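Step one of this worksheet: look at the structure below.
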Amino acid sequence: MRASLIAYWAAKEGSSAAEYEDAWRVYPGPADELPGSWVAVAVADGATESLLARYWAAMMVDEFAVARGSACDARSFAETALALSDRWPDVVESYMAEREKAARPLRWYERPGIEKGAFATLLTLQMKIDTPVEADEPHDDAEPHDDAEPHDDAEPHVDPGIPRVIGDWRSAAIGDTCLFHVRDGRLQAAFPLSESGSFGTSPALLGSCDTDPGPIVDHVRLAGGTVAEGDDLFVCTDAMAAWFLARTEEGGKPWETLRDLNEMGFAEWVYEARRTGGLHNDDVTLVHIDIW
Amino acid sequence: MSDMRTSDTKGAPVPYTAEISRTNPSCFFFLVDQSASMIDPIGDARASKADVVADALNRLLTELAIRCAKEEGVRDYFYVSVLGYGSRSVQSAFRGELQGHDLIPISQVADHPLRVDQRVRKTPDGAGGVIEVKTDFPVWVEAVANGATPMCGALARATELISAWIGEHPRGFPPIVLNLTDGEANDGDPIVSAGQLTRLRTDDGPVLLFNLHISDQGGAPITFPADSSSLPDVYARSLFDMSSELPSHMREYAASNHDGVREGSRGFVYNSDIVSLVQFLDIGTRALALR
């Protein structure tokens, strides 16, 4: 596949790496040239004010990165989430047993949070890249939408300047972890949030004690689009997403900054951006898929 | 330390937006009226004003500790002072292992209650009924009612301690002071002392002074009013005048839980619950279930 994938992460300043509560999982894995034709990304952001959030975030990305239908259908997404909730009591039991074994039984101030459950945002992205599609095949705009109908709209006219479509993507999200799709030097899609002012401290969250699919189906957002040669897709948690949109609103091209990052320089870039570039001090996760 | 303050559209800093974190903590000062008048019962209730105030304070500390709790323990997003004022003048109201400490991290508060009682609360059973469940109720402060009411002295002591705090945390979220009282100061005009306190400020804004007025005058409970016209007596109006206006984001949280909150609403509560105050501050993503 003519695509590369790289993932970066950094803990909130003042927190240790062990306290990082985002989680990410990619399939088949980070690579300079991805094998096969299928790419899946799941990124979650554990809520600060919940206990065991990093366990919950990790469970979710592990499952959603391989749950193919979950990015296309709200009910399938909810079923995947609730299947994880069913396993949560075992996680808590195991955790409490570990604490007892370590002679650190739960304290009074932990019990309400344990009873309430863990919470996290989640975005899952699934992308299929086939043999390059001929120029007269559809290559519809990747505007976010709430109904993931198949992308089979034929377009009557094809501009020869438009990059060749080579596949498509689907995404589902709850909360403020975001996907940005960049094509031809412009932001093609921002999903599920598209304005920097939309971020806050109360995003929609998947809870480990959720039992009702209804609210999940109501809150999950779905989107889809095409993948073309030269596209960049970025999945990131809220601090970077808000930064990305704010720079875009100012007329900037933050994707150029992110495209130039490398593993060695990421931590340094985050450090500087937190001081001077308006990057909120929070856990940061970024997955970049570069299509060439 | 990074400057995490928010700017408005013209680039001017928005007050009360500084990050609250372990590297950039804020502080709560609780001033507790322990004077003789607090022995009086409230209305027909058997509980005294001192009981009500002690209960409110213990619940505030409980909620604060729970909000800061993570797997490794309680994170020190806040430092806490509890100053009692009554017959023994103004001094730390903590007892037991915390006795004599003026200002301590919330983790130490959480780890050293005087005792942990069990209380029974009613909760839905999931089948349309209600069941009673036992819950932990930590106690740090007992009801005390004795002697005079040196409220001005308490405000002055808080001013002294907060001045030192701001010297060490000049860019942090401003300290919050909550005065729990029946309102009858007898060592001067508390409005003057309150003015000295709320003139202190960090880069993020002036110190916030809120008041919980527990009174036996009766009347309807009042929560975060924007004017004093409905308040029952001179003490309530005095405490209202001392109270800071709720910053905009606190007002939004207050409005989501209480009717009548609007622009100009002050951090003043009359004979009602003020524990929601702990929820007004942002320390990260809130854990709220989908609805």
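For residue B:63, state whether it is within 14 Å of another protein chain (Cβ to nearest Cβ), without any contact (Cβ under 8 Å) to a residue 40 or more places away in the chain and surrounded by fewer than 20 Cβ atoms within 10 Å (Cβ to Cβ).
No.
Which residues, taken from region A:264-292, are within 14 Å of chain B (Cβ to nearest Cβ) and among the charged types (D, E, K, R)?
A:272, A:274, A:275, A:282, A:283 - these are the residues of region A:264-292 that are within 14 Å of chain B (Cβ to nearest Cβ) and among the charged types (D, E, K, R).
If I filter region B:245-253 for residues that are within 14 Å of chain A (Cβ to nearest Cβ), among the aliphatic types (A, V, I, L, M) and closer than 29 Å to residue B:18 by Cα, do I get at least one hit?
Yes.
Taking the stated definitions as given, is residue A:265 in a loop (DSSP other than H, G, I, E, B), of a type in the set (Gly, Ala, Ser) and either surrounded by fewer than 18 Cβ atoms within 10 Å (Cβ to Cβ) or without any contact (Cβ under 8 Å) to a residue 24 or more places away in the chain (or both)?
So residue A:265 does not fit the description; no.
Of these, B:225, B:247, B:170, which one is more than 19 Å from the chain's Cα centre (by Cα), farther than 23 Å from residue B:39 by Cα and at pLDDT 95 or above?
Testing whether each residue is more than 19 Å from the chain's Cα centre (by Cα), farther than 23 Å from residue B:39 by Cα and at pLDDT 95 or above leaves just B:170.
Filtering region A:204-219 down to residues that are among the small types (Gly, Ala, Ser) and within 20 Å of the chain's Cα centre (by Cα), which residue is farthest from residue B:285 (Cα to Cα)?
Only one residue tops the list, namely A:208.
Restricted to region A:26-49, and to residues that are modelled with pLDDT of 95 or more and within 12 Å of chain B (Cβ to nearest Cβ), which residue is farthest from residue A:5 (Cα to Cα)?
Ranking the qualifying residues of region A:26-49, first place goes to A:47.
Which one of these is out of contact with any strand residue (DSSP E or B) (no Cβ under 7 Å at 6 or more places or on another chain) and not in a loop (DSSP other than H, G, I, E, B): B:229, B:163?
None of the other options fit; the residue is B:163.
The rows are residues; the columns are (1) within 14 Å of another protein chain (Cβ to nearest Cβ); (2) within 17 Å of the chain's Cα centre (by Cα); (3) surrounded by fewer than 18 Cβ atoms within 10 Å (Cβ to Cβ).
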| site | (1), (2), (3) |
| --- | --- |
| B:73 | yes, no, yes |
| B:84 | no, yes, no |
| B:90 | no, no, no |
| B:100 | no, no, yes |
| B:121 | yes, no, yes |
| B:134 | yes, no, yes |
| B:137 | yes, no, no |
| B:140 | yes, yes, no |
| B:144 | no, no, no |
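Restricting attention to region A:35-51, does a residue exist that is buried (at least 16 other Cβ atoms within 10 Å of the Cβ), among the β-branched types (Val, Ile, Thr) and assigned to a helix (DSSP H, G or I)?
Checked against the condition, which is being buried (at least 16 other Cβ atoms within 10 Å of the Cβ), among the β-branched types (Val, Ile, Thr) and assigned to a helix (DSSP H, G or I), region A:35-51 yields no hits at all.
Out of all the residues in region A:270-279, is one or more touching a His at 6+ places or on another chain (Cβ under 7 Å) and not aromatic (Phe, Trp, Tyr)?
No.
Looking at region B:45-76, which of its residues are in contact with an Asp or Glu (Cβ under 7 Å, 6 or more places away or on another chain) and part of a helix (DSSP H, G or I)?
B:49, B:53, B:54, B:67
Hey, can you tell me all the residues within region B:32-52 that are touching a helix residue (DSSP H, G or I) at 6+ places or on another chain (Cβ under 7 Å) and either of a type in the set (A, V, I, L, M) or at the interface with chain A (Cβ under 10 Å from one of its Cβ atoms) (or both)?
B:32, B:38, B:39, B:42, B:50
Does region A:239-260 contain any residue that is among the small types (Gly, Ala, Ser), surrounded by fewer than 19 Cβ atoms within 10 Å (Cβ to Cβ) and under 18 Å from residue A:34 (Cβ atoms)?
So far as region A:239-260 goes, no, none of its residues is among the small types (Gly, Ala, Ser), surrounded by fewer than 19 Cβ atoms within 10 Å (Cβ to Cβ) and under 18 Å from residue A:34 (Cβ atoms).
Please go through region A:49-58 and pick out each residue that is of a type outside the set (A, V, I, L, M, F, W, C) and closer than 15 Å to residue A:112 by Cα.
Of everything in region A:49-58, those that are of a type outside the set (A, V, I, L, M, F, W, C) and closer than 15 Å to residue A:112 by Cα turn out to be A:49, A:50.
When you check residue A:25 against the structure, is it of a type in the set (Lys, Arg), part of a helix (DSSP H, G or I) and either farther than 30 Å from residue B:140 by Cβ or over 15 Å from the mean Cα position of the chain (by Cα) (or both), yes or no?
no
Taking region A:100-114, which residues are exposed (fewer than 15 other Cβ atoms within 10 Å of the Cβ) and either touching a residue at least 12 places away in the same chain (Cβ under 8 Å) or within 10 Å of another protein chain (Cβ to nearest Cβ) (or both)?
Across region A:100-114, the qualifying residue is only A:104.
One line per residue, one yes/no per condition, for (1) of a type in the set (Asp, Glu); (2) over 30 Å from residue A:85 (Cα atoms); (3) touching a Leu at 6+ places or on another chain (Cβ under 6 Å):
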residue	(1), (2), (3)
A:200	no, no, no
A:223	no, no, no
A:226	no, yes, no
A:249	yes, yes, no
A:278	no, yes, no
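Across region B:211-229, what is the number of residues that are under 17 Å from residue B:47 (Cβ atoms) and among the hydroxyl-bearing types (Ser, Thr, Tyr)?
1
Considering only residues that are in a strand (DSSP E or B) and at the interface with chain B (Cβ under 10 Å from one of its Cβ atoms), look in region A:161-206 and name the one that is nearest to residue A:234 (Cα to Cα).
A:174
Quick one: is residue B:114 closer than 17 Å to residue B:273 by Cα and either among the aliphatic types (A, V, I, L, M) or free of Cβ contacts under 8 Å to residues at least 60 places away in the same chain (or both)?
Against the criterion (closer than 17 Å to residue B:273 by Cα and either among the aliphatic types (A, V, I, L, M) or free of Cβ contacts under 8 Å to residues at least 60 places away in the same chain (or both)), residue B:114 does not qualify.
I need a count of the residues in region A:59-90 that are farther than 21 Å from residue B:288 by Cβ and either within 14 Å of chain B (Cβ to nearest Cβ) or not in a helix (DSSP H, G or I) (or both).
Residues flagged as farther than 21 Å from residue B:288 by Cβ and either within 14 Å of chain B (Cβ to nearest Cβ) or not in a helix (DSSP H, G or I) (or both) within region A:59-90 amount to 5.
Restricting the first residue to region B:95-106 and requiring it to be at pLDDT below 90 and in a helix (DSSP H, G or I), which pairs with a second residue that is among the small types (Gly, Ala, Ser) and surrounded by 18 or more Cβ atoms within 10 Å (Cβ to Cβ) meet a Cβ separation below 6 Å and a spacing of at least six or different chains?
Every condition considered, no pair remains.
The values are calculated or read from the model by the stated rules, or taken from the named source; none is laboratory data. Everything quoted here is computed from the prediction, not taken from an experiment. Glycine also receives a Cβ, built like all others from the backbone with ideal geometry; neighbour counts cover every protein chain displayed.
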